[in-house]
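The structure under discussion appears below in the form of structure tokens.
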Amino acid sequence: MKLFTCGPVQMYKCTRDIYQKPYIHFRTKEFGNLVKDNLKEISKLIGNSKEYSLIYLASSGTGAMEATVANCMNKEDKALVINGGGFGARFCELLEHHAIKHDSINLEWNETLEEKHFLPFEGKDYTAFFVNIHETTSGQLYDMKLIKDFCKRNNLFLIVDAISSFLIDNYNMDENGIDVTIISSQKGLCCSPGIALVSLSKRMIEKLDKNGGTSFKYFDFKDYLSNIDRGQTPYTPPVLTMYEIQAFLKVIDEIGVDNYLKSIEEKSLYFRKRAKELGFTIPEYPLSNMLTPLYFEDDIALDLINLLKDEYQIFVNPCGGKLANKLLRVSHIGDTSIKDIDYLLEVLVKVTNVVRNGAKNDRK
Ligand SMILES: *Cc1c(COP(=O)(O)O)cnc(C)c1O
């Protein structure tokens, strides 16, 4: 069985083995120290090293997206969101739900974000910019420089969901003037789900003070910030997931982060090259190294996904909404090798032939 999925991913043995560890109680100095070490390392990797604050929540990624909206925005704010797929739409829904004023830059799923999309929004009364830097539903990796320059020109807080890009593509908060980065344990960190992390810039922490509180009790960032110096959280965290993160960070440290990122890039480039040679269609917009979408004009994506799962125990990501039967997405993170990719492509060719020929036979 292999998971070519975006998260949870095919986990490495060192993180999968963690569940056998003897349990430690979390209200201890030992666990607090482990948390602090992990957070320090992640802050370094995320590029928020100067005046960082990194907190973590017991939730999936969306919990941290919502908590960010509810803590970092107030009723005077006005947000601009890039909405180019399911996760961009989710930011819009969360802002709507928390009654924060917002507009969106709407992109078709296969439309590349360009300078022209920003023009109508220059010099307006926006205060914050929200983006999922890799829109996982399409695979598009947005141009960070365009976003960074726009935010700088317009003096906006920049809030980035990097859940499907951190530890996958290059990412650096300081260099790009990012005020909030949201990540979660089951994507780039290749661990179990359950932990979402939020890295805050100094000026965002100052804004939290000015915002005067949040409607969220459980996810009140100030509670988390006041506990994190001891490596503690106000409420019970997913203890073992924190151990998995430790194990995974150790792997990254041993390989070196640049080599690690390069290994994901190599897998993605290899897959794309071979897939094209085999006649598969890959969209033209800029892609994250995390995944490759394959496009099927003839509406067979769901059949392929089911055949891969049922006949070969291979899991790839389906797509939601109107693309459900047109796109399937193959992830390149986690414990998969070039050999696994070869096998996946061999099987993909087989099932594509089965589905297409089967469909022809039905029409006869
Ligand atoms: C996976 C993902 C999320 C979070 O999804 P959860 O199911 O809540 O963990 C958010 N944003 C992006 C871009 C993602 O890829």
Handout entry: DSSP-loop trypsin sites (Lys or Arg not before Pro) across region 15-50, with at most 12 other Cβ within 10 angstrom
Key = Arg27, Lys50
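Greater than 32 Å separation of Cα atoms is the criterion. Which listed pairs, Lys152/Lys187; Lys145/Lys339; Lys202/Lys250; Lys21/Lys145; Lys75/Lys326; Lys44/Lys309, meet it? The partial results should precede the final answer.
Details: Lys152/Lys187 29 Å; Lys145/Lys339 35 Å; Lys202/Lys250 28 Å; Lys21/Lys145 43 Å; Lys75/Lys326 40 Å; Lys44/Lys309 38 Å.
Too far apart for the 32 Å limit: Lys145/Lys339; Lys21/Lys145; Lys75/Lys326; Lys44/Lys309.
Cross-link list Lys273/Lys350; Lys78/Lys148; Lys222/Lys267: which exceed 29 angstrom alpha carbon to alpha carbon?
Working: Lys273/Lys350 18 Å; Lys78/Lys148 18 Å; Lys222/Lys267 40 Å.
In this structure, Lys222/Lys267 exceed 29 Å between Cα atoms.
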Handout entry: Nearest-20 debye value, the chain charge dipole, Cβ charges on Lys, Arg, Asp, Glu
Key = 460
Exercise for the section: Provide the FRET efficiency to the nearest 0.05 for the Lys75-Glu115 pair, computing r from the beta carbons and using R0 = 30 Å. Expected result: 0.45
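At a Förster distance of 25 Å, what's the computed FRET efficiency of Lys262 paired with Asn172, Cβ-Cβ distance as r, to 0.05?
Efficiency computed from Cβ-Cβ geometry: 0.95.
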Practice task
Report the extension gain between Lys250 and Lys276 in nm, rounded to one decimal, defined as 0.36 nm multiplied by the number of residues separating them, less their alpha carbon distance.
Solution key: 5.8 nm
Handout entry: Label-point separation in nm, Leu269 to Thr28, each point 7 Å along Cα→Cβ
Key = 4.6
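Relative contact order for the chain: what percent, with Cα pairs under 8 Å and sequence separation of 6 or more? Before the final figure, lay out each step's value.
Values: 654 pairs, mean separation 88.1, N = 364.
Computed value for the chain: 24 percent relative contact order.
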Exercise for the section: DSSP loop (so not H, G, I, E, B), at most 12 other Cβ within 10 Å: list which GluC sites (Glu not before Pro) in region 101-210 pass both filters. Expected result: Glu108, Glu114, Glu122
Practice task
Return the long-range amide H neighbours of Ile195 (sequence gap of 5 or more, or a different chain), with a cut-off of under 5 Å between placed amide H atoms.
Solution key: Ser59, Ser185, Gln186
Problem - Residues Lys152 and Val349, FRET efficiency given R0 of 51 Å [Cβ-Cβ distance, rounded to 0.05] - result: 0.60
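Bear in mind these aren't lab numbers, they're just calculated from the coordinates by the rules spelled out. From a predicted model like this one, the values you see are computed outputs, not experimental measurements. A quick note on method: Cβ atoms are made from the backbone with ideal geometry, for glycine too, and the neighbour counts reach across all protein chains shown.
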